[in-house]
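Let me begin by presenting the structure, written as structure tokens, before commenting on it.
The values are calculated or read from the model by the stated rules, or taken from the named source; none is laboratory data. All values derive from a computational prediction rather than experimental measurement. Methodologically, a virtual Cβ is constructed for each residue, glycine included, from the backbone with ideal geometry; neighbour enumeration extends over all protein chains shown.
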Amino acid sequence: MSEMDIKQFVFRKGARNRIPVSGTFELTSRCNLDCKMCYVHMSKNEQEKIGRELTTEQWIRLGREAVDAGMIYLLLTGGEPLLRPDFTEIYTSLIQMGLVININTNAVPMTPEVVECFRKYRPERVNVTLYGSSPCTYGDLCGSTGGFQRAVRGIRMLKEAGIRVVLNTTFTKLNLGDMEDIVAFAKSEKIPVRMAAYVFPPVRNQHEPAEDIYLSAAEMGYYSARFDEMTMTPEQLQQRIALLRQVDAGTVVQEERRKSTISTCMAGRGAFWICWDGQMYPCGMLPNCAANVTEKSFTEAWKDICSQMSEVRLPSECVDCKYQTLCPTCAAVSLSATGRTDGVPDYFCTRTRAYMDYFLKK
């Protein structure tokens, strides 16, 4: 059985039995970059008006409680988690509990000390978000012209230490012109690269969304397809086109197809997200379902989240849509796009159709 097969088995069993096998610890909302499209980033002053970050001891205690409840996989994220001076202490304590840990970072603040910690206590993967391919783009989108070179330096430090790295990228109108160069960089470094299918609006900070930088639904579909075309092997590309033709003709039904309006994702069924201030969510994009782990135990908060998610319903219109297996919509997407989890996110209807048209016209 492959590593992926094992993970899928654990996830399915966790979701079926309401065991929190997968968790996310959002260590901070602070970041060293100021990306215009970020959904969570706050300044220190903005953060302090809402609450305070959990302490080192609180994160470690939550780790133990979550492991006792069944957690196996953990993502450490932010903001930028490496900004916490106690990051390596938290990380070391958690991984010694036997957890399989991934880290999200922009790699800009990567240090030899952190890399050495990862060398000694290896994470499963470090996910590095690369926002562009030049200092100019980082200046325009992230407010830091020096961020690009430091990110590349951090990526190469990790590679040289033998740490598994995956690149994530998010496209807006400010960095769309860097797509080919980002893919070329990933290929030259022999690192997998993934593109976000949706840019969430700033649902968890006090900032106004920078509407002028977001791609339209049709643009996102087109460029998602173009990105996939650039990153797939010829064999993968032909398989993708064949699948899209079958889906379009209505001759294929995938096993994971949703058959009701009940949410079937891991959020609040086998996965949770704990925010920097102690709020537990089903996922980071569902702040309307919350329980505070500073006011109740981890187990109590988890049961509360499961109960809240059992009441969440998805758009009934999506259940019978033949394109649903190609459409990355979920309760969080519907909520951010329409203000309700059962609202039809028209954005994704358009995006999915544009994605398919790109390949089906070939």
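Listing for the model above:
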| item | result |
| --- | --- |
| Pro85, sole failed condition from (1) farther than 26 Å from Ala15 by Cβ; (2) touching a residue at least 24 places away in the same chain (Cβ under 8 Å) | (2) |
| Sole residue being touching a strand residue (DSSP E or B) at 6+ places or on another chain (Cβ under 7 Å) and assigned by TED's automatic domain parsing to the domain that holds Gly270, chosen from Leu27, Leu83 | Leu27 |
| Matching residues in the range 230-262 - criterion: being modelled with pLDDT of 80 or more, of a type outside the set (Val, Ile, Thr) and either surrounded by 15 or more Cβ atoms within 10 Å (Cβ to Cβ) or farther than 17 Å from Met356 by Cβ (or both) | Met230, Pro234, Glu235, Leu237, Arg240, Leu243, Leu244, Asp248 |
| Answer residue from the range 125-169, given it is in contact (Cβ under 8 Å) with a residue 60 or more places away in the chain and in contact with a Cys (Cβ under 8 Å, 6 or more places away or on another chain) and is farthest from His41 (Cα to Cα) among those | Tyr131 |
| Among residues of the range 307-342, those that are surrounded by fewer than 16 Cβ atoms within 10 Å (Cβ to Cβ) and within 18 Å of Cys289 (Cβ to Cβ), counted | 7 |
| Members of the range 1-58 found to be modelled with pLDDT under 90, within 18 Å of the chain's Cα centre (by Cα) and among the β-branched types (Val, Ile, Thr), listed by number | Val40 |
| Residues satisfying the stated conditions in the range 303-352, i.e. of a type outside the set (S, T, N, Q), in a helix (DSSP H, G or I) and touching a helix residue (DSSP H, G or I) at 6+ places or on another chain (Cβ under 7 Å) | Cys318, Leu326, Val333, Ala337, Tyr347, Phe348, Arg351 |
